[in-house]
Structures are given as C-alpha cells and as structure tokens.
Amino acid sequence: MNTETADVKFAGALTFSDEGTLFVGDNHNGAIYAFEIPADEFSGQTGPRSIRNIDAKIAEVLGVRVGAVEINGLAVHPVSKEIYISVTRVENFASQPAIVKISGDHRFSLLDFSSLTFHKQPLTEFPDSETTFEVGKRPGPVFPRDAAKGAVSIRSLAIMDMEYYDGELFVAGVAYDNFRSSLRRMPYPFDSTQHVAAVEMYHIAHDQYETRAPIRAMSVQQIDGRPQLVAAYTCSPHVLIPLDELTDGAKISARTIMDMGNGQPLDIVPFQMDDQPMLFVTNNSRSPLVIPVAELSGANAVTHEDFERGGKSDMHPLMPFGVTGKTIMFEGAPLRIALFDDDFFVSLTRDANSGDLNLDINPTSFPNRVHNLLSEMDFPTD
C-alpha cells in the first residue's frame, strides 16, 4: 500500500469492489490504481431525481468552461451510494485527470488523491505511446473528422472496461505492440500477479475473425453452471468467455452468440427484475436492451460456417441475430449508466429536446423521465 500521492495521468474506466475500493484505469501510465475510499452507510431514501446540466456543474468544480470537460467513466460507491465520475479537463494547452464525487445531497467535490492510500498495479504488455490509428483504410473519401483518428494513440484503448468479481479484477483492452485484443485478470489486493490472454471472436456483421478490436463493455454472470464473461464489441457482437479459459498467455476463441449490428456498446449493467438476473445494455447508436441472463444458457455459438459470406448491414434479414433481448424505451441518450441500488439506475443522459447533459436516477423497471412526452394521460379531465 502506498501513502504518497498517486501519480494518475488519466482517469478512465471506473469500478468498485463490493467493499468500496475504487479502481481507476490509467491508460496513459499503463496502470490500475485502487483507492481505499472511507464511507458511511447510505441512510437516505432513494427516489427518482435529476441534476440538470451536470457537465456545467462539473466544469464549475474544475474551474474550466463546459466544453473543456470530457467524461470518461461512472461508478457508484456500494456503501455510501456516492456517485463518482471520471473526467479529463482540457484547458490552457494541457489535460488533467480528475474524479468528481457527488454526495446524496447533490454536493460536488473533487476526489483528493493526496488524502487516500492506494495500491498500484502496472500493466504488462502495454502498448507504446507512439503508434496511432491508421487513416484511409476504409472505402470512400477521408473526411476531416475521420483523419483526426490518425492522431489518436492505440494506448487510448489499453483499458476499456473493468469488472470486479470474486476477489479479482478483470480488465479489457488492447495489449502488446501488435495491438491484440486482450483480457487481464489480477487478484486484489494486488500482488504483481496478472494473467494476460489474447481474444479472438467471429464478427457476424463484418464477416471476419477479429483479433484487435477490444471488448467495450462486459459483465461476469453464472451461465451454464460456471462464471462466464458476457462481453460486447463495436458494431455490436456479444460473446461468452468462460473465466476458467482466461489463463496467462492463452489465445481465447470467444463464443459469438448474438450481433446487434452497427453501433458501439457503452455499458453492460446487471440488475434484477422479478427476482431474475438481467443485463441492461446501452449503445451509442441504439436504444438500450434488456437481456435475461437465463436466455444466455445454452445459447448457440456461431462461426463463419453458419452464414453466407459477406458483410451484413442493419437491413440484412439476419440482423439482429441471436439472443437479442428486448429493446426498451429510454427517453434521451444514456451516455453512461450504472446501478445505483437494487431498484434504481443512475445515468448520464443527453436530453432529447434541449441537448442538456443530465444526471438521472430512475427505476430499473422504467428508467425514464417523461417530461418530454405528452400523451392521452396528460390531458386535463372533463
């Protein structure tokens, strides 16, 4: 355990242990930081509520303009129910990491790294900082917004998502200088041990086996009698990976069980509905999905041999494919979402009418604010 100040260069993916240890992914330093967060038991009452213009309030705390805030992650302390948001503040030709804490009475404060003890786990097989994405490989003209990818380091994908499960931290991202998609597992407390496995999966929409695209979101669930990782990729195949296959140096063939088509997954959040385990899956291009975990048991894994060759767009008759769950109403765009408690989600939501970025707490049974919706029930009675 370190007592000096943590030298965090980037605050990205966030997750908590069951006891309240905050894990922070630092893609610049190539490390995971684990902060011991003291907290009192939550004693308030949960109910639907909203904080409007959350980005403006975060900018005020950081002392920068609204456009200088990039939001990277969202997590809820399991004991205190305080909300933690990881951000990058970009101002005066420099960028700095920060984590903003929101208390139950809506007080905003910055997490003071210097006041916290922490553990640090450097990542092995970490990508170099010089290699960037290659521009111009796609058919058609290269637009300025696409050319900007050429300045983005591959290292930005080194830590995409983290999941704490049964005393271990699982980390998805890109490892090695040949950019292989990777999964890491490491015990906590950290003891310098980490297992790094390369992951390959068949992408139905792209009709190819992919070894570099990283997992974007994941959750560990009990499926077919053993713990398995449910993981989602860009354009949006979902796969299963048994945890017992995740050993150091392994080359894992993930089992593709569904594909939603174009779009980029954001979060996979487990919750309960009618005492049944469910997954709430968000995507930057689609309405959220609710997938019953029971439907993943016995799901058929597919390969290229199960389809006619060629890419499959959203309008292809086979798409979406597999155990696709139910598309549900979600008013606005959920940019980040987490489980607040057994009955409520907390989300960073872009308002469909105003464009405001709000922090909403809504029931898992109906995760919506209906202020923008007018229906028969809203008319005055005779």
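The values are calculated or read from the model by the stated rules, or taken from the named source; none is laboratory data. Model, not experiment: these values are computed from the prediction. No Cβ is skipped: glycine too gets one built from the backbone with ideal geometry, and neighbour counts run over all protein chains shown.
Check the stretch 101-112 and report whether any residue there is part of a strand (DSSP E or B), hydroxyl-bearing (Ser, Thr, Tyr) and surrounded by 15 or more Cβ atoms within 10 Å (Cβ to Cβ).
No, because not a single residue in the stretch 101-112 is part of a strand (DSSP E or B), hydroxyl-bearing (Ser, Thr, Tyr) and surrounded by 15 or more Cβ atoms within 10 Å (Cβ to Cβ).
If I go through the stretch 314-361 residue by residue, how many of them are in contact with a Lys or Arg (Cβ under 8 Å, 6 or more places away or on another chain), of a type in the set (A, V, I, L, M, F, W, C) and not in a strand (DSSP E or B)?
So the count comes out to 2.
Suppose we filter Lys57, Lys9 for residues that are among the charged types (D, E, K, R) and within 20 Å of the chain's Cα centre (by Cα); which single one remains?
Lys9
Inside the stretch 79-90, can you point out the residues that are assigned to a loop (DSSP other than H, G, I, E, B) and either aromatic (Phe, Trp, Tyr) or surrounded by fewer than 17 Cβ atoms within 10 Å (Cβ to Cβ) (or both)?
Of everything in the stretch 79-90, just one residue is assigned to a loop (DSSP other than H, G, I, E, B) and either aromatic (Phe, Trp, Tyr) or surrounded by fewer than 17 Cβ atoms within 10 Å (Cβ to Cβ) (or both), namely Val79.
Do we find that Arg184 is touching a Phe, Trp or Tyr at 6+ places or on another chain (Cβ under 9 Å), more than 26 Å from Gly298 (Cβ to Cβ) and in a helix (DSSP H, G or I) in this structure? Quick ask: steps written out before the conclusion?
Working: touching a Phe, Trp or Tyr at 6+ places or on another chain (Cβ under 9 Å): yes; more than 26 Å from Gly298 (Cβ to Cβ): yes; in a helix (DSSP H, G or I): no.
Criteria not met by Arg184.
Kindly check whether there is at least one residue in the stretch 37-52 that is within 25 Å of Ile159 (Cβ to Cβ), outside any loop (DSSP other than H, G, I, E, B) and touching a residue at least 40 places away in the same chain (Cβ under 8 Å).
Scanning the stretch 37-52 turns up no residue that is within 25 Å of Ile159 (Cβ to Cβ), outside any loop (DSSP other than H, G, I, E, B) and touching a residue at least 40 places away in the same chain (Cβ under 8 Å).
Return the residues of the stretch 264-319 that are under 14 Å from the mean Cα position of the chain (by Cα), surrounded by fewer than 17 Cβ atoms within 10 Å (Cβ to Cβ) and free of Cβ contacts under 8 Å to residues at least 60 places away in the same chain; say none if nothing qualifies. Spell out the reasoning first.
Just the residues of the stretch 264-319 that are under 14 Å from the mean Cα position of the chain (by Cα), to begin with: 264-270, 279-284, 288.
Adding the requirement that they be surrounded by fewer than 17 Cβ atoms within 10 Å (Cβ to Cβ) leaves 264, 270, 284.
Gln264, Asn284, listed by residue number.
From the list Arg107, Arg89, which one is of a type in the set (Lys, Arg), under 25 Å from Asp161 (Cβ atoms), out of contact with any Pro (no Cβ under 7 Å at 6 or more places or on another chain) and free of Cβ contacts under 8 Å to residues at least 40 places away in the same chain? Give the steps one after another, and end with the answer.
On the way: Arg107 fails: under 25 Å from Asp161 (Cβ atoms).
Sole residue among the options that is of a type in the set (Lys, Arg), under 25 Å from Asp161 (Cβ atoms), out of contact with any Pro (no Cβ under 7 Å at 6 or more places or on another chain) and free of Cβ contacts under 8 Å to residues at least 40 places away in the same chain: Arg89.
Are there any pairs with C-beta distances below 9 angstrom linking a residue in the stretch 134-154 that is at pLDDT below 80 and loosely packed, with under 10 Cβ neighbours inside 10 Å to a residue that is in a helix (DSSP H, G or I) and not hydroxyl-bearing (Ser, Thr, Tyr), with the two at least 6 apart or on different chains, and if so which?
Partner pairs satisfying both residue conditions: Arg138/Asp146.
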